[in-house]
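Data block below; observations after.
The values are calculated or read from the model by the stated rules, or taken from the named source; none is laboratory data. What you see is a predicted model; the values in this text were computed from it and never measured. FYI the Cβ positions are ideal-geometry reconstructions off the backbone, even for glycines, and counts take in every protein chain you see.
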Amino acid sequence: MNPYRMSVRRLLFLGFASLAASFWVHIENLMKVAQRMHAAKMARIYAAKVGKPLLNYGCEETSFGDLNVDIEEQDIPNFMLIEPSPAPLPFASESFGAVVCCHVMEHVPDPWKLDRDLRRVADRVFYVNPSPIFLWTWLWPDHRWVFIRGKARKLK
């Protein structure tokens, strides 16, 4: 028997497994977008209530903040390039009403230091972290932390 020949059952299994994995990745991306949109909405409401600007920290390609910052150059309005954490934020204390920090904390060497710095520059911080139910949260090469019920667990 040819060792490279697959049975129909094995082919069906592999097809369904790859379809399930693809579906799970799409669900993960949709969840990330939905969480980011919700955090941005709540942060915008809070910033407007206190009459201060909104900071979008780790903006990637999103531009919903009055100021959008990231460690990599982005082609979006109101963008500012900043040094990566643990470098301190280049803003005065209490400059912003709110900060949205989306998918950043899992990458930094010291999430508590970044948290203190974000709380220094803003009245309120809205976090979005990858969900621990998704495989990429655990396997992404740059992730140093996973957050389970608000508690940081070190990966590396």
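When segment 64-95 is filtered for residues that are surrounded by 14 or more Cβ atoms within 10 Å (Cβ to Cβ), assigned to a loop (DSSP other than H, G, I, E, B) and among the charged types (D, E, K, R), only 66 remains. Within segment 58-80, does at least one residue satisfy the condition of being farther than 23 Å from residue 123 by Cα and of a type in the set (Val, Ile, Thr)? Yes - at least one qualifying residue is present in segment 58-80.
Given the options 145, 138, name the one that is farther than 24 Å from residue 47 by Cβ and free of Cβ contacts under 8 Å to residues at least 24 places away in the same chain.
Result of the check over 145, 138: 138.
Being touching a Ser or Thr at 6+ places or on another chain (Cβ under 7 Å), basic (Lys, Arg) and either exposed (fewer than 14 other Cβ atoms within 10 Å of the Cβ) or in contact (Cβ under 8 Å) with a residue 12 or more places away in the chain (or both) is a property that residue 124 lacks. Residues in segment 127-156 that are out of contact with any strand residue (DSSP E or B) (no Cβ under 7 Å at 6 or more places or on another chain), loosely packed, with under 13 Cβ neighbours inside 10 Å and of a type outside the set (A, V, I, L, M): 141, 142, 149, 150, 151, 156. The test for being assigned to a helix (DSSP H, G or I) and within 25 Å of residue 111 (Cβ to Cβ) holds for residue 47. Of all the numbered requirements in (1) modelled with pLDDT of 95 or more; (2) surrounded by 14 or more Cβ atoms within 10 Å (Cβ to Cβ); (3) over 21 Å from residue 136 (Cα atoms); (4) not polar (S, T, N, Q), residue 38 misses one, and that requirement is (2). Residue check: residue 61 meets all listed conditions (1) part of a loop (DSSP other than H, G, I, E, B); (2) of a type outside the set (Gly, Ala, Ser); (3) surrounded by 10 or more Cβ atoms within 10 Å (Cβ to Cβ) but one, namely (3). Return only the number of the condition from (1) exposed (fewer than 13 other Cβ atoms within 10 Å of the Cβ); (2) touching a Lys or Arg at 6+ places or on another chain (Cβ under 7 Å); (3) under 27 Å from residue 22 (Cβ atoms); (4) not acidic (Asp, Glu) that residue 109 does not satisfy. All conditions pass for residue 109, except number (3).
Using the structure shown, decide if residue 98 is under 30 Å from residue 21 (Cβ atoms), part of a strand (DSSP E or B), in contact with a helix residue (DSSP H, G or I) (Cβ under 7 Å, 6 or more places away or on another chain) and not hydroxyl-bearing (Ser, Thr, Tyr).
Considered against the rule, which asks whether it is under 30 Å from residue 21 (Cβ atoms), part of a strand (DSSP E or B), in contact with a helix residue (DSSP H, G or I) (Cβ under 7 Å, 6 or more places away or on another chain) and not hydroxyl-bearing (Ser, Thr, Tyr), residue 98 comes out as no.
Considering the conditions (1) aromatic (Phe, Trp, Tyr); (2) farther than 20 Å from residue 147 by Cβ; (3) at pLDDT below 95, residue 96 is excluded by exactly one of them, (3). Take the residues in segment 41-58 that are surrounded by fewer than 19 Cβ atoms within 10 Å (Cβ to Cβ) and among the aliphatic types (A, V, I, L, M), then tell me which one is farthest from the chain's Cα centre (by Cα). If we take residues in segment 41-58 being surrounded by fewer than 19 Cβ atoms within 10 Å (Cβ to Cβ) and among the aliphatic types (A, V, I, L, M), then 50 is farthest from the chain's Cα centre (by Cα). Under the condition of being modelled with pLDDT of 90 or more and over 13 Å from the mean Cα position of the chain (by Cα), the residues counted in segment 121-137 number 5.
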